[in-house]
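Chemist: Got a structure for you, written out below as structure tokens; questions coming shortly.
The values are calculated or read from the model by the stated rules, or taken from the named source; none is laboratory data. All values reported here derive from a predicted model rather than from experimental measurement. Here the Cβ positions follow ideal geometry from the backbone for every residue, glycine too, while neighbour counts run over all protein chains shown. Note: accessible area is taken over every heavy atom of the protein model, side chains too, but ligands, DNA and RNA are not part of it. Shrake-Rupley method; radii C 1.70, N 1.55, O 1.52, S 1.80 Å.
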Amino acid sequence: MPPDRAWKPREGMSRDARAAEQDRAAGGRLTRAVDIGKGRYARASVALRLYRSTRRIRAYLRWSQEGETHERYVGEVDAATRAANLAQAWEIAHAAGYVTTETVPPESWASSPASRAVMSANKGRDTKPEKLLRSVLHRHGLRYRVGVRPIPDLRRTADVVFTKARVAVFVDGCYWHGCPEHHRPAKKGAAFWQEKIAGNRARDAETNEALRKAGWLVVRVWEHEDPQQAAQQVIEAVRSREKAPLSLDDQG
């Protein structure tokens, strides 16, 4: 019977650790692509299963497409470690044409498959920096609304909203909002992206002014900022509006 280390993942592995394990075995994140047509790719993973009746380890390719999980049998693997078996399975999958290496479609503005993956993964809500900030705020007793318009008639959505205090918080992405520390201009389609980022910054300024005129206090933090420090800014803003003695130190 193959030992557990030949197929079982380490206990307690995080989602990020599992993804990194797959990347190493496949030879890179972009080589884990299943072509689903029209220039689109799904990111696949390999699952290893031990069939005790045959004492064999089988590898399956898994990916999500339009909300459904798909699975395809890859073949049997026989290495002594999980890492080696994953690598073996990915090699079989590539040789069989089940997966490919992601490329940039001709119409894309991305300069590379890696930058295109970053752009595709960009989310308008519930990003990691937003969740970290909200978690700190919640731990210190603040309650808020998420992803709503501070002013119903104004088509501008804030990431965290304190309705009673009338404080609107925006967590700005370094690339999309032109962070002076981390923004790096795109090489491909430079003029387009320069205009795009400039437009975002102008919209941010318009939003700030519109909310200010309506009696709101706007707090903007960059995604790279420490969540504790960002939370302190928000707490101080809320405290200034509600005139309540609330701080990170006060809340423990």
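Chemist: Any idea how far apart Lys213 and Thr127 come out in nm if each label point goes 7 Å out from Cα toward Cβ?
Modeler: My value for the distance between the label points is 2.7 nm.
Chemist: Give a quick list of GluC sites (Glu not before Pro) in segment 32-82 that DSSP marks as loop, anything other than H, G, I, E or B, with at most 11 other Cβ atoms within 10 Å.
Modeler: Here the sparse-neighbourhood loop sites are Glu66.
Chemist: Related question: What is the distance in Å between the Cα centres of segment 17-54 and segment 60-81?
Modeler: That distance is 7 Å.
Chemist: Identify all aspartates and glutamates with a Cα-Cα distance to Lys128 below 14 Å; exclude those on the same chain that are fewer than 8 residues away in sequence.
Modeler: Answer for Lys128, where 14 Å is the Cα cut-off: Asp16, Asp159, Asp172, Glu223, Glu225, Asp226, listed by chain and number.
Chemist: Now for a different question. Using the basic label-point model (7 angstrom from Cα toward the beta carbon), what is the Arg241 to Val148 distance in nanometres?
Modeler: Those two pseudo-labels are separated by 1.2 nm.
Chemist: Using a 1.4 Å probe on the protein heavy atoms, what percent of the accessible area of segment 1-78 belongs to carbon and sulfur?
Modeler: Reported share for carbon and sulfur atoms: 42 percent.
Chemist: Right, next: Efficiency by 1/(1 + (r/R0)^6): what FRET value for Arg5 and Thr101, r their Cβ-Cβ distance, R0 = 30 Å, to the nearest 0.05?
Modeler: With R0 = 30 Å, the Cβ-Cβ based efficiency is 0.55.
Chemist: Report the local net charge at Tyr73: Lys and Arg +1, Asp and Glu -1, summed over other residues whose C-beta lies under 15 Å from its C-beta.
Modeler: It works out to a net charge of +3.
Chemist: Take the Cβ-Cβ distance between Gln232 and Arg18 as r, set R0 to 45 Å, and report the resulting FRET efficiency rounded to the nearest 0.05.
Modeler: That pair, Gln232 with Arg18, gives E of 0.85.
Chemist: Follow-up question, since we're still on this one. Among Ser53, Gly39, His70, flag the residue with its Cα farthest along the positive direction of the charge dipole of segment 25-72, charges on Cβ as +1 for Lys/Arg and -1 for Asp/Glu.
Modeler: The listed residue farthest towards the positive side: Ser53.
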